[in-house]
1. Do we have E:ILE131 as away from chain F (no Cβ under 12 Å), among the aliphatic types (A, V, I, L, M), surrounded by fewer than 23 Cβ atoms within 10 Å (Cβ to Cβ) and in contact with a helix residue (DSSP H, G or I) (Cβ under 6 Å, 6 or more places away or on another chain) here?
2. Scan the range C:141-167 residue by residue and report those that are farther than 16 Å from C:LEU105 by Cβ and surrounded by fewer than 22 Cβ atoms within 10 Å (Cβ to Cβ).
3. Take the residues in the range A:179-208 that are of a type in the set (Gly, Ala, Ser) and over 20 Å from A:ALA33 (Cβ atoms), then tell me which one is modelled with the lowest pLDDT.
4. May I ask you to list the residues in the range D:61-72 that are farther than 27 Å from D:LYS148 by Cβ and either of a type in the set (Asp, Glu) or modelled with pLDDT under 95 (or both)?
5. Just one of (1) away from chain B (no Cβ under 12 Å); (2) in contact with a strand residue (DSSP E or B) (Cβ under 6 Å, 6 or more places away or on another chain) trips up A:GLY205, so point out which.
6. Can you tell me which residue among E:GLY109, E:GLY82, E:GLY96 is within 10 Å of chain F (Cβ to nearest Cβ), within 28 Å of E:LYS148 (Cβ to Cβ) and not hydrophobic (A, V, I, L, M, F, W, C)?
7. Check off (1) more than 10 Å from chain C (Cβ to nearest Cβ); (2) at pLDDT 95 or above; (3) open to solvent by 10 Å² or more (accessible area, probe 1.4 Å) for D:THR211 and give me the number that stays unchecked.
8. Would you confirm, using the coordinates I've provided, whether C:VAL44 is more than 11 Å from chain B (Cβ to nearest Cβ) and of a type in the set (A, V, I, L, M, F, W, C)?
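The values are calculated or read from the model by the stated rules, or taken from the named source; none is laboratory data. Bear in mind that the values here come from a model prediction, so they are computed numbers and not experimental data. Here Cβ is always computed from backbone atoms with ideal geometry, including for glycine, and neighbour counts include all displayed protein chains. Protein only, heavy atoms only, side chains kept; ligands, DNA and RNA dropped before computing areas. Shrake-Rupley method; radii C 1.70, N 1.55, O 1.52, S 1.80 Å.
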Number of protein chains: 6
Amino acid sequence: MVRIDNRLYDELRPVKVTPNFIKNAEGSVLIEAGNTKVICTATVDDKVPPFLKGSGKGWITGEYSMIPASTIQRKPRESSRGRIEGRTHEIQRLIGRALRSVVDLDKLGERTIWIDCDVIQADGGTRTISITGSFIALAFALKSLMDKGCIEEFPVNNYIAAISVGIVDGQPLLDLCYEEDSAADVDMNIVMTDKGEYVEIQGTGEQSPFTREQMQQLLDLGKNGIDRLVNIQKELLGDIGLLIGSCKKDEETDNSHQE
Amino acid sequence: MVRIDNRLYDELRPVKVTPNFIKNAEGSVLIEAGNTKVICTATVDDKVPPFLKGSGKGWITGEYSMIPASTIQRKPRESSRGRIEGRTHEIQRLIGRALRSVVDLDKLGERTIWIDCDVIQADGGTRTISITGSFIALAFALKSLMDKGCIEEFPVNNYIAAISVGIVDGQPLLDLCYEEDSAADVDMNIVMTDKGEYVEIQGTGEQSPFTREQMQQLLDLGKNGIDRLVNIQKELLGDIGLLIGSCKKDEETDNSHQE
Amino acid sequence: MVRIDNRLYDELRPVKVTPNFIKNAEGSVLIEAGNTKVICTATVDDKVPPFLKGSGKGWITGEYSMIPASTIQRKPRESSRGRIEGRTHEIQRLIGRALRSVVDLDKLGERTIWIDCDVIQADGGTRTISITGSFIALAFALKSLMDKGCIEEFPVNNYIAAISVGIVDGQPLLDLCYEEDSAADVDMNIVMTDKGEYVEIQGTGEQSPFTREQMQQLLDLGKNGIDRLVNIQKELLGDIGLLIGSCKKDEETDNSHQE
Amino acid sequence: MVRIDNRLYDELRPVKVTPNFIKNAEGSVLIEAGNTKVICTATVDDKVPPFLKGSGKGWITGEYSMIPASTIQRKPRESSRGRIEGRTHEIQRLIGRALRSVVDLDKLGERTIWIDCDVIQADGGTRTISITGSFIALAFALKSLMDKGCIEEFPVNNYIAAISVGIVDGQPLLDLCYEEDSAADVDMNIVMTDKGEYVEIQGTGEQSPFTREQMQQLLDLGKNGIDRLVNIQKELLGDIGLLIGSCKKDEETDNSHQE
Amino acid sequence: MVRIDNRLYDELRPVKVTPNFIKNAEGSVLIEAGNTKVICTATVDDKVPPFLKGSGKGWITGEYSMIPASTIQRKPRESSRGRIEGRTHEIQRLIGRALRSVVDLDKLGERTIWIDCDVIQADGGTRTISITGSFIALAFALKSLMDKGCIEEFPVNNYIAAISVGIVDGQPLLDLCYEEDSAADVDMNIVMTDKGEYVEIQGTGEQSPFTREQMQQLLDLGKNGIDRLVNIQKELLGDIGLLIGSCKKDEETDNSHQE
Amino acid sequence: MVRIDNRLYDELRPVKVTPNFIKNAEGSVLIEAGNTKVICTATVDDKVPPFLKGSGKGWITGEYSMIPASTIQRKPRESSRGRIEGRTHEIQRLIGRALRSVVDLDKLGERTIWIDCDVIQADGGTRTISITGSFIALAFALKSLMDKGCIEEFPVNNYIAAISVGIVDGQPLLDLCYEEDSAADVDMNIVMTDKGEYVEIQGTGEQSPFTREQMQQLLDLGKNGIDRLVNIQKELLGDIGLLIGSCKKDEETDNSHQE
């Protein structure tokens, strides 16, 4: 089977990350994976949601949007339609949940980090690419909080990245582009830490149900892709001297994810 | 470890299904699993969404709501707040996707089945119980369409049921009640057919990530629970003489899910 | 004239009240009158609306909703449509007004009782049945407040119940079912206390105006029905030892409403 | 008891009707009753609501709004708040129902008359004054349809007017101003035809329930006020040669309402 | 070229101002310019928007609405449609900006003046007429604040008025009525003080772009119209003894705008 | 006076245009002017708004949005707030109006061009930069329609660009950045064709009114800036061989705008 863009079944699309893409945000990247392009920003707000007031804990919340021309057929703005559609809600909740899972909210203190993922070009995998990119933006924003002395300890326990996998014409594939995604029988999104542990698995067989064996194949493919994405994150963030999760985990864990 | 309600770790809450609970719907049940109670109805509409007009295909759409007093703290109505929250959108999409996966929409013809899940008492697992109950309501509604001669062949390929599993204090548990769910480190919802194939897996480790081994344990627990729920469905629907998926699958498949 | 369900012109539909139908609410009933079924709950909230803050007075507010499958033709959810329709607003205001009229809001103290009426099956008279049932749920909730020592004196001055009457084919009828209601020339809803005093009268002659004589006939019919509904309430609430209005009214008033 | 503005208990406020107040509407009046001032317009639309398409029948719909400065404390615009409040819905439904009750919708043909009541100054009774004024605007609009040959027969069966009555400090009063209305124990709105028949009665005893005797007193007061309002309508509309209800009713009916 | 209503190219429509048209507002006028009629009110609110809390400064905000029958074809209410259209937003912002430009918000103190412009009949120029009328209503409201001792000094620096000009069939025209406005190639709204200084210029050539020479002609025409409108304001407000801008400007400035 | 970024009073910020920035749109650019960055896209839709159906004419509509991190303080999404704010409406209307003014909508045929301006970084002048960039995106989209044979003649009559000018501390300035804009006494946006004719002028003196002389200075400054922006457009579009307005205008017109 030949993939549309001649990739191997277990090959990622080329990933390119442009840090500090937006100057007003404390952290930002433009992340590109093939033709999918997302601006991920992390901005700091000194307030927390009502349920956390006085708790000393912080919060991370995710928002996601697509510019109208990002899709093949122009997508009407949710602001013009007056309401956010279900898919957007779902993705926003996923992004927030994923990033919160690797941050120690007590150490963050009573502040909110707004993660904004604005898709400017969509070719499949926008939600997973948003998570992978947002983690970097978040790390930059937290770094700036440390540099200003607002927080004492870097509150991130793990690297986190996400990837989509799926079964197309019976063949498990890594990192589906839009055309593959549209034809997939099974579609799965995996969010995973650099320790190889799952933060989120969402697998759907709307076209046809899938067996346990197929699921195992998809999980293997996914882990492979995520390891490579985490390496890209490490290269970028290592440069700014961040030791993510270093206090908590022993060395061999770090080694285990080298390619 | 003793569970709040003295259940074993792999024990379902008692399930009770009252068919034809609402007389105006073509299909309806009140499904109760412990203290969680959901009215599931299936009503037939002779129209389809715009994207299916003229296609000859039908559609199944899910809606979900909780009455204000269903939760421990009164939950404000979404109609009063003027918008549907993200969690509701997510559940509605899940219900629709799950039921569509086992129905041959071509055989359904150009009509929509509205699945309404109204939670009247909530004690954990409302989304999975909604799916399990809705399948029965849907089968009744499709039966009534066949009886009226509107469709020729029963368009359901598989039984489908859903269950929640999770890890609480390190212990994998089946069918979490609200208190367990609130304390869970990992929470997973599984939607599965009577053939043991997955339609949807959604696992989240917001409190802490989970390993592949833990996931395997949860999947085993879940399959066990779903087999028992499917048996309850079969008993109920067998009485009305429905042979779900009988044309497509050989006999041993049916046998393989007997307890 | 023979009524659809063979009732006499002045005959109520069979009424069945199931107390404590929803465990999370301080007070709740499932009330059924023929095929109309409503879940009425009363939940206590320790806040009051802004205009009562600091006044020492409490508030009672009513909400009303129909599940989609409650009506013959599926009724789209108001939450999906994003707004509450006029009829719902009207009924909600009526329910709140009616219940407030028999409660001493000073004795209630600064708290709000939320009355939720969720119609699960509709066959006419949903608004009046909601009021009759809500009064019982409210009494249970207030009893629980007394039992917890939150209020000192039971703040209810009167029993209150409601009924619909109407003129169909020139014949005044008590307790209209949906089919009768649709064919009625005149439609009237009466809310009345156990003392035979009116709390609300809403009579409409959209099909044709009505004379003063016809109105008198309807009021007579209505009083008769309400007396019987109040007796049902008394039986239920007498069991929990509530002496509604006992401090204020002399004995003969109570006697005067025995059947 | 002396009323605020020195009126007798059964005295109407001075009523002034300015016809053709708005030139773009087919029918319009400015109606003033004391300090309450409402612009009532009737505009013709060649479409009908979906449920009447192809029926040959017409429709009359009412809308009601208050300009922000109409009330003592500035009332925020419903357009700015993004939704119409319950009270407005209630009044709009009342206005539409009242006017439809005296019009033969078959004779109107497939068109909608929009009745708009815009309160520019409010001092009690805005809903009843809106109905009394709208009837005149409606008659003008229907006259213009006849003059253009769009309808053959004048489709109005009866005059219709409305008034508020209430009990303040134990005293039944006609035509309550705002201050009286705020202090009323019982508040009743009556919509009645020139034949003395009721189209709508809405009586509320939120402050205290009311007896049947009190209701009779209020109905007597109300009839008296409405007879006088209908006379004002007759004077205005008689001038344009409209014979409302003349084909259907005998002469003594008309005489019976002369003062 | 003969104008529809026989006016000269530089002739204003007859202007009529009825002060104190709405008794509940601190300031109000009905302003009529030909067939365009707007109720302008100014009401005082003791609160300010969040961004001014604690600043000691006040605010002026404008709202604008058209009653449905004000236009030739009935205009659906924005409250019924659930949102305010772009044109309304634009006009509201213009009104607020214009009036704020001539008021010393520090002298106003921490309070908001709500300017409401409710168009009851529209024949072109509603936004400019709203500004011209609102200034008078505002002055009355500020006068009443001074009379009550709430403010010490009259905080208005300049008279302000507005007018529309445009080019129709190549001919510059002053004060366009609706029919002219619809046919205009260029449309310009000018807001100007009594000192002949501009507060706002909005010129649009949607049908065809316009030259600098044409713009000069339009500005000349506009200044002429505004001078006459300011004189009308001065006559009205002079009667209540207001010396607008008198502390700041020397006498010849005032003289320079006498006709 | 030294400007923040050391520009001369009549100096534009560096402009950079990246064509075809978004592959799914028929036309797109990333336009940067200093730190302000806007993605402008033009997408073709084969439908027209209802008022143009059957007219043979096309339409151009503008939408504008800012990503949350584009501003110094994170700007909440309008989709989350459920409604579009007044400023956005105003800008959207301006963009649509400007572009329609230079396109022959008859030649466009019954189709809509959606212009989307998504601001990804804001440092003043977003609305004028949006217009300048959108014109290029529009030209690309129309070129693609010609190339596909959908339209026969290039329907653009003029180049169009826009610029902001203003008065800061008494000094007229060209192309204000955010900090200058915030401090400006007078703010003016000018939209102009390559022929030096005005399409739109919007001048506001909220902080203080401005004289006719000041306006002339601002117009001179603006013309100068626009001429340079048009030259940039010509360079870009000349490359693709577009002869805008060439059929209609003689040669010297083109020469007159060379720098």
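1. Judged against the criteria, E:ILE131 is not a match.
2. C:LYS143, C:SER144, C:ASP147, C:LYS148, C:GLY149
3. Across the range A:179-208, the extreme among qualifying residues is A:SER208.
4. If the condition is that a residue be farther than 27 Å from D:LYS148 by Cβ and either of a type in the set (Asp, Glu) or modelled with pLDDT under 95 (or both), then D:ILE72 is the only one that fits.
5. The failed condition is (1).
6. E:GLY96
7. It is condition (1) that D:THR211 fails.
8. no
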